[in-house]
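Following: one structure in structure tokens, then a few remarks.
The values are calculated or read from the model by the stated rules, or taken from the named source; none is laboratory data. Only a predicted model underlies this, so the values are computations on that prediction, with no experimental measurement involved. Methodologically, a virtual Cβ is constructed for each residue, glycine included, from the backbone with ideal geometry; neighbour enumeration extends over all protein chains shown. For the accessible areas, the whole protein counts, side chains as well, though only heavy atoms, and no ligand, DNA or RNA atoms are used. Shrake-Rupley method; radii C 1.70, N 1.55, O 1.52, S 1.80 Å.
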Amino acid sequence: MVFVDKYAIREMNETIVLEHIVNQGPLSRAAVANNTHLSKASVSEIVRKLTETNLVHEIGIGDSTTSGGRRPIMLELNKHAGVSLSFDIGYNYIATMLTYLDGEIITEQIIEDKINRETLIDKIENVVIDYQQMIPKTSYGIVGITIAIHGVVYDNSIVFTPYYDLAKLNICEVLGNRLGIPIFIENEANLSAIAEQTYSSNYKNLVSISIHSGIGAGIIIDGELYTGERGFSGEIGHKILFPDGKPCPCGNRGCLEQYCSEKSILEFFTEGNQPTETTIAQLKSAYLTKDPKVTELIDRAAKYLAIGINNVTTAFSPGVIFLKSRLTREIPDFLEKINSNLNSFINEDVELRNSTLGDQATLLGASAVSIRNFLRIKSMKIQR
Ligand SMILES: [Zn+2]
């Protein structure tokens, strides 16, 4: 028999009540009691604490009951009790986003910057200090900072970063000590998957595939992020497409991302020259003029991406796969071309679509991580 002390039960019940208010609010106290199967007295006690600490507030008046009873007071997350700050560290930019506790965006910005291991922590600290000067006044201020890394992250530490050198950089501890704010780091594709789960999708099993310099997948299984034993789960860009193919920074040859990541496609397009910010627009206009070389390039990339996606489906059987890619958004028919290469019956009922959150997915997922940690709730589902 397992003994759970009274304090732990109270904490657990608080979490349950807050989770219901966050995910299903506005709710009356009676509805919370009904939905959670807790007594009205316990719910009232917990709600008193949650309103005293400013996490929940009472709003308006709900519909009157059919029996003509007193109209209940409704409870809702006090989304203005604090703010969350998110970072996305690309290999040549730092993007940031400030949100309220329901993910409502207050402001966002992007700085073009070549990322350097020696200066990154100081740079992040300076950005946080700048934000601290301008954030709206709230009860809790910045409740957490979550940083997206383009590489393998496990248990808040950076394991492997193929396109910049940040492996083992102790961001969480150093910044946490300097700023006194909880700091989290996570793989960017994992954060995009968390964003889709939180803000856009009701599927319990979903995958979000990010196609940038590399190709990574965030995998949600039964409502939880799946990272595997050491964080390598979802590194689908390193599935081998061609044994003995092009060398990859991971140590293998012929990895998927060497053929159909955004970076690789643009490098094929510029014939090995460094792509610039305008290259996608140039690729798009060449595609629209039916340049046969570009058509062939897109057809081939669609075929290879479909192989990667087919492998994801055979491994995880998701209900939906979101693509987070400027190319599939910008190039007409690219998504249809990928779909037309998915011929197996295994893919029949899997929805493949562009992320509706687009470029904001990673930062919104980061915001959800900070907020969930602050509220000490496991799941958050918010209609945007
Ligand atoms: Zn590789």
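Normalised by the number of residues in the stretch 6-77, the mean separation of alpha-carbon contacts (under 8 Å, six or more apart) gives a relative contact order of 35 percent.
Remark: the stretch 290-299, residue by residue, has Karplus-estimated 3J(HN,Hα) of 6, 4, x, 5, 6, 4, 5, 4, 5, 4 Hz, where x stands for each Gly or Pro and the curve is 6.51 cos²θ - 1.76 cosθ + 1.60 at θ = phi - 60°. Relative contact order, whole percent, for the stretch 94-185 stands at 23, derived from Cα pairs under 8 Å and 6 or more residues apart. Taking Cα centroids, how far is the stretch 14-28 from the stretch 259-305 in Å? For the stretch 14-28 versus the stretch 259-305, the Cα centre distance is 47 Å. Taking all protein chains into account, the per residue accessible area for the stretch 6-77 stands at 61 Å² (1.4 Å probe).
Using a probe of 1.4 Å, the accessible surface attributed to Y154 totals some 90 Å² when neighbouring protein chains are kept in position. Our note on the geometry: Cα centres of the stretch 130-165 and the stretch 239-258, 30 Å apart.
How large, in percent, is the carbon and sulfur part of the accessible surface of the chain at a probe radius of 1.4 Å? Mind showing how you got there, number by number?
Working: 9240 of 18560 Å².
Using a 1.4 Å probe with all protein chains present, the chain comes out at 50 percent carbon and sulfur.
Computed over Cα pairs, the Kirkwood radius of the stretch 147-228 leads via Stokes-Einstein (1.002 mPa s, 20 °C) to a diffusion coefficient of 160 µm² per second. Global dimensions of the stretch 109-175 from alpha-carbon coordinates: Rg and Dmax equal 13.5, 40 Å. The length gained by stretching the chain between D155 and K6 to full extension, at 0.36 nm per residue less their Cα-Cα distance, is 50.7 nm. Suppose a student asked you for the relative contact order of the chain, using Cα pairs under 8 Å spaced at least 6 residues apart; what percent would you report? Reported as a whole number, the value is 16 percent. When nucleic acids and ligands are ignored and a 1.4 Å probe is applied, D5 ends up with an accessible area of around 90 Å². Evaluated over the stretch 12-155, the count of Lys pairs having alpha-carbon atoms less than 22 Å apart is 5 (only pairs 8 or more residues apart or interchain). If you wrap the Cα atoms of the stretch 202-356 in a convex hull and average its projected area over all directions, you get 9.6 nm².
Which three semi-axes in whole Å describe the equivalent ellipsoid of the stretch 1-153, each the square root of 5 times a Cα gyration tensor eigenvalue, listed largest first?
Working: eigenvalues 312, 75, 33 Å².
Equivalent ellipsoid semi-axes, largest first: 39, 19, 13 Å.
When restricted to Cα atoms, the stretch 267-353 yields an Rg and a Dmax of 14.1, 40 Å, respectively. Within the stretch 6-77, the proportion of Cα pairs with more than 15 Å between them is 51 percent. Taking 14 Å as the cut-off, no amide N atom of the stretch 319-338 comes nearer than this to a point 7 Å along the Cα-to-beta-carbon line of E296. Using the alpha carbons alone, the radius of gyration of the chain stands to its Kirkwood radius in an Rg to Rh ratio of 1.02. Surface analysis of the stretch 238-384 yields an accessible area of 49 Å² per residue, using protein heavy atoms and a 1.4 Å probe. The long axis of helix 120-134 is offset from the longest Cα principal axis of the chain by roughly 40 degrees. Rg and Dmax of the stretch 106-256, based on Cα coordinates, read 17.0, 58 Å. Straight-line cross-link partners of K284 among the lysines, defined as a Cα under 24 Å from its Cα and at least 8 positions apart when in the same chain: K263, K293, K303, K324, K337.
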